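Working notes for the structure below.
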Amino acid sequence: MEIRTLRYFLEVAREENMTRAAEILHISQPALSKQLKSLEEELGKKLFTRHSFSIKLTDEGILLKKRAEDLVLMADRIKNEFVSLDDITGGELYLGLAESYQIQYLAREISSLKKQYPSLKYSISSGDSEQVLEKLDKGLLDFVVLAELPDTTKYESLIFPYSDKWGVVMPDDVPLSKKKTIHVDDLISLPLFCSGQAWINDIPRWAKDKMDKLHLEGSFKLSYNASLFAKEHLGYLLTFDKLIDTSPGSGLVFRPLDPQLETNLYLVWKKYQTFSPIAELFLKQITENFKKADYTDV
């Protein structure tokens, strides 16, 4: 099984059309069909269901698509890393990020590094802890940012300078918006939005024995999407401060939880990880600057 063949397969999977995929790949349609047929024969499984004007993935095709994306990304990464070994003016960082206003500090460090090494590139992916850690374990990412302390037997970590404060985002015309802080009793019987991860790991630390009285209306990976539902009076969003625009005129307000609930953010990498030169420089710089915690101007 060749990487080139997997690239062909992924292009057909994206386009769902053999003719368009062949044009993009600059090969003939018969040659592309032959490559995919050979791939199906090699795996012993049918990967596509062919219709009159489109092609759909089978269940086996969907599984291969996920694996092929990882393999192609890893092949590209290996190539880029070896190219960058002789060119310390650049290289590529691979990052998996959680949502937090503190990501701006990481962005500032990348900006600073890019001034020194102008050929620096970076690839950003988002997801919950399980998703980004899976990619980190596979070697597809250099670093991930988590809103929870990672397993110290498997990972090294660097804590971000500050902590994220929890609160409720809600429409500015609901009665609860008149309160300065939100207590757990205020939320009982109300429809709540929250990330699934935080509902399990963070909110119970605050709600304690009243957790079972809170109702999760819907879970969201991205707070911005949840805020759109909150704005339509569909529920109240439990999230970090400074993620959502709650300025006057936005139609939304943020009210902190009482007692205060905070979550730390961590930059995480695998133990005994071999870094590319640019990733090593990035870690050295961000470690030094995070210890100074001088981000008052950001």
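The values are calculated or read from the model by the stated rules, or taken from the named source; none is laboratory data. All figures in this text were calculated on a predicted structure; none of them were measured in a lab. Quick reminder, even Gly has a Cβ in these numbers, built from the backbone with ideal geometry, and neighbours come from all protein chains shown. Heavy atoms of the whole protein, side chains included, go into the accessibility calculation; ligands, DNA and RNA do not. Shrake-Rupley method; radii C 1.70, N 1.55, O 1.52, S 1.80 Å.
Annotations
- Scanning segment 158-166 for any residue that is among the acidic types (Asp, Glu), over 18 Å from residue 281 (Cβ atoms) and part of a strand (DSSP E or B) turns up at least one such residue.
- Under the condition of being in a helix (DSSP H, G or I) and either over 20 Å from residue 101 (Cα atoms) or without any contact (Cβ under 8 Å) to a residue 24 or more places away in the chain (or both), the residues counted in segment 177-198 number 6.
- Candidates 62, 78, 3: the one that is among the β-branched types (Val, Ile, Thr), open to solvent by 50 Å² or more (accessible area, probe 1.4 Å) and in contact (Cβ under 8 Å) with a residue 60 or more places away in the chain is 3.
- Looking across segment 105-162, the residues that are of a type in the set (Phe, Trp, Tyr), open to solvent by less than 40 Å² (accessible area, probe 1.4 Å) and either under 17 Å from residue 240 (Cβ atoms) or free of Cβ contacts under 8 Å to residues at least 60 places away in the same chain (or both) come down to 105, 160.
- In segment 257-289, residue nearest to residue 116 (Cα to Cα) [restricted to those that are assigned to a strand (DSSP E or B) and open to solvent by 50 Å² or more (accessible area, probe 1.4 Å)]: 270
- Hits in segment 215-256 - residues which are open to solvent by less than 70 Å² (accessible area, probe 1.4 Å), assigned to a loop (DSSP other than H, G, I, E, B) and not aromatic (Phe, Trp, Tyr): 235, 241, 243, 244, 246, 247, 250, 251
- Every condition in (1) at pLDDT 90 or above; (2) buried (at least 21 other Cβ atoms within 10 Å of the Cβ) holds for residue 98 except the one numbered (1).
- Residue match in segment 191-206 (condition: β-branched (Val, Ile, Thr), at pLDDT 95 or above and in contact with a His (Cβ under 9 Å, 6 or more places away or on another chain)): no
Each row is one residue, and each column tells you yes or no for (1) within 31 Å of the chain's Cα centre (by Cα); (2) part of a loop (DSSP other than H, G, I, E, B).
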{"site": "5", "(1), (2)": "yes, no"}
{"site": "13", "(1), (2)": "yes, no"}
{"site": "22", "(1), (2)": "no, no"}
{"site": "27", "(1), (2)": "no, yes"}
{"site": "33", "(1), (2)": "no, no"}
{"site": "39", "(1), (2)": "no, no"}
{"site": "68", "(1), (2)": "yes, no"}
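- Selected residue [more than 30 Å from residue 73 (Cβ to Cβ), exposed (fewer than 15 other Cβ atoms within 10 Å of the Cβ) and more than 21 Å from the chain's Cα centre (by Cα)] from 169, 174, 184: 174
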